[in-house]
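This report concerns only the one structure given below.
The values are calculated or read from the model by the stated rules, or taken from the named source; none is laboratory data. From a predicted model like this one, the values you see are computed outputs, not experimental measurements. Ideal geometry is used to build each Cβ from the backbone, glycine not excepted, and the neighbour counts take in all protein chains shown. Quick note on the areas: whole protein, heavy atoms, side chains included, nothing else; ligands and nucleic acids left out. Shrake-Rupley method; radii C 1.70, N 1.55, O 1.52, S 1.80 Å.
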Amino acid sequence: MPWSLSRLGDAALVLAFEERIDPAVNSCVVRTAAAIRESSCAGVRDVVGSYAAVTVHFDPLRTDVDGLADRVERIAGEVASAPDVPVAPPRTVEIPVCYGGTLGPDLAAVARFGGCSPATVVARHAAPTYRVYMLGFLPGFAYLATVDPTIAAPRRDAPRLRVPAGSVGIAGGQTGVYPLEAPGGWQLVGRTPRRVYDPDRTEPFLLQAGDAVRFVPIGEADYRAQVAQVEEASP
Amino acid sequence: MELGPERSREAGIGGAAGGFAIRSPGLLTTVQDGGRYGRQHLGVPVAGPMDAVSYRVANAAVGNSPSSAALEVTLVGPEIEFRQAARFAVSGAAFPLQLAGASIPSDAPALAAAGQRLTFGQRRRGARAYLAVAGGVAVPAVLGSRATHLGSRTGGLDGRALRAGDLLPIGTAGRMEPLPRRFRSPLALPDGGARVRVVLGPHDAHFEPRVVDSFLTTRYFVTPQSDRMGYRLRGALLPRRTDGHLLSTATPFGAVQVPPGGEPIVLMADRQTAGGYPRIGTVITADLPLVGQLAPGDWIEFEACDQATALRALVRLERALLALERDG
């Protein structure tokens, strides 16, 4: 797996792999990022994996940049030549979703995009096991791919000012769950009662890069019951 | 919201007999500390002060550690009522300050008695001031930091800007050693605009050389659509060479990104952790505080510099800050 290392401003290094959405490329990202994080280099503030790159944010006053660059290159070399073994036991996280209705206001629009019925959109969205490629946008917001191309509707022309927490959206080949109420342009097909982010929980983040995710369709009564349960567990 | 409002409210009332109260909040006043590092890979934005130099000067002037939580005041200052005796200092944007009706200087420690009010007059220069209190603003830390991130409603007081009636607790101050009377901030406040240095790249391939020239020779203006997340600039458009798709990557403080319309945006303290627009350059760390002191309508010009120059500028600034923290 080829890579290139470059500076980004005066306080970051970027290790770029091949620019494509690919589980093998992203696996290198996840493993390299974890190894850099574990090696706890002086001055490093954050090691951020994305689809095909690892960015190392550092404090320029406390970092030997050349030393850090050497270390990052060495780790990348080790990872690229090692067998693709996940850093953690692979996890599959199931996320229950109530599709359509007021909880998924764009389900009909996605069905129109796909020239299919809303039920088919649900079946196609819930069929794959997705990969968490990266987190970003909001705390705990996981970018999942790849959505079935027949239902990979682009973002809405006019973003919504308020997308409720738990909303499940599609944006082209990506899908994801809004961890918080926020403005957003993704096509909302449903909502989950699970909290993907809760700062008061021992483990605030449900998902991490490299995880596998499956969406499990549930009915509205089940959704309401699970919402009540979640609220009771974490008021 | 599920961000623990109950907990934060308790913290506010916990110091019912002490702390300080917000009589009027000003335009946008938030609690900030050194920033929420360590979880950007989980999508958690850094936040923190827009002008890290003035923030540190304010903390130094009350004898706090450099990353104690303080208030960031924006364009229009708040009115504060102290509910306990407290040592405080204001640094950054120039506001006429009054404590209990008497003028007091910026960049200098002052003592407030319980019941006294601090008011900010009309802003004269700069955009953001920092109010530090000895002991720090003791809101609870969320994910390791007290910094307010408005977009995700994290940290600070319920993750939001302060409002009239809010009560904020003050932490336990260390020994009240005598402090110098005046702290000379190493930051020269911009007066109407600033020329700042950038390291060019990384998406050079997305911009024609003449577009990079245009970026470096244009006087841009900070638009009203600018906030803690980013400054939208008005000036020469920066057309991109291709509509080539760019996968999202991590975004540093000061990155200048160019959306399809060609109007550059400087990413600031509350930026998202990642973004997919091509970036033409990144403001160097030493010059970020200057950008943080720009107000809508102010101008900004960019000048290319290399890594060695960027580091030298930062080392010079840090030496001045360390000397200030040591000796005042």
Q: DSSP loop (so not H, G, I, E, B), at most 16 other Cβ within 10 Å: list which trypsin sites (Lys or Arg not before Pro) in the range B:222-293 pass both filters.
A: B:Arg241
Q: With a 1.4 Å probe on protein heavy atoms only, work out how much accessible surface B and A bury together, total over both chains, in Å² to the nearest 100.
A: 3400 Å²
Q | Rounded percent of accessible protein surface that carbon and sulfur make up, the protein assembly as shown, 1.4 Å probe | A | 52 percent
Q | Dipole magnitude (debye, nearest 20) for chain B, charges at Cβ of Lys, Arg, Asp, Glu | A | 420 debye
Q. Taking a 1.4 Å probe, which of A:Trp3, A:Trp186 shows the most accessible area, and what order do the others take after it?
A. A:Trp3, A:Trp186
Q. To the nearest Å, what is the center-to-center distance of the range B:114-193 and the range A:78-134, using C-alpha atoms only?
A. 43 Å
(Q) Skipping prolines and chain starts, which residues have an amide H placed within reach, meaning under 5 Å, of the one on A:Ala53, given they are 5 or more residues away or on another chain? (A) A:Phe17
Q.
Could you check the spin-label model distance between B:Arg117 and B:Asp327? Points 7 Å from the Cα along Cα→Cβ, value in nm.
A. 4.1 nm
Q. Out of the range B:136-167, which trypsin sites (Lys or Arg not before Pro) are coil in DSSP terms and have no more than 15 other C-beta atoms within 10 Å?
A. B:Arg163
Q.
Using a Gaussian network model on chain A with a 10 Å cutoff between Cα atoms, which of A:Gly49, A:Gly184, A:Gly67 fluctuates the most?
A. A:Gly67
Q) Averaged over peptide A:130-142, how many Cβ atoms belonging to another chain are found within 10 Å of each residue's Cβ? A) 6
Q | Average partner coverage of A:10-18, which counts Cβ from other chains inside 10 Å | A | 5
Q.
On the principal axes of its Cα set, how long, how wide and how thick is the protein assembly as shown? Give whole Å, largest value first.
A. 72, 55, 43
(Q) Output the 0 to 90 degree angle, nearest 10, between the alpha-carbon long axis of helix B:52-61 and the longest principal axis computed from the alpha carbons of chain B. (A) 20 degrees
Q | Qualifying GluC sites (Glu not before Pro) in the range A:1-39, DSSP loop, other Cβ atoms within 10 Å at most 15 | A | A:Glu18, A:Glu19
(Q) Applying a 10 Å radius around every beta-carbon, put B:264-270, A:156-162, B:82-88 in order of their mean neighbour count, most first. (A) B:264-270, B:82-88, A:156-162
**Q.** Label-point gap, in nm, between A:Thr120 and A:Arg224 - each point 7 angstrom along Cα→Cβ
**A.** 3.2 nm
Q. Residues of B:295-302, mean number of Cβ from any other protein chain within 10 Å of their own Cβ, rounded to a whole number?
A. 0
Q: For the range B:5-168, state what percent of all Cα-Cα pairs lands in each successive 5 Å bin, counting from 0 Å until the bin that includes the largest distance.
A: 2, 10, 19, 24, 23, 13, 6, 2, 1, 0
Q: For helix B:307-327, report the angle its Cα long axis makes with the longest principal axis of the Cα atoms of chain B; keep it between 0 and 90° and round to the nearest 10°.
A: 10 degrees
Q: Could you calculate the contour length gain from A:Asp200 to A:Ser40, that is, 0.36 nm times the residue separation minus the distance between their Cα atoms, to one decimal place in nm?
A: 55.0 nm
Q | Cβ-derived FRET efficiency at R0 25 Å, B:Leu246 paired with B:Leu216, nearest 0.05 | A | 0.70
Q | Overall form of chain B per C-alpha gyration tensor (a/c, 1.5; a/b vs b/c) | A | prolate
Q. Working out 0.36 nm times the residue gap between B:Leu27 and B:Arg184, then minus their Cα-Cα distance, what length gain in nm do you get to one decimal?
A. 53.8 nm
Q) Just from its helices, what would the mean residue ellipticity at 222 nm be for the protein assembly as shown, if runs of 4 or more DSSP H residues each count -39500 (n - 2.57) and the sum is divided by every residue, rounded to the nearest 500 deg cm²/dmol? A) -6500 deg cm²/dmol
Q) How many angstrom lie between the C-alpha centres of the range B:73-111 and the range A:208-228? A) 50 Å
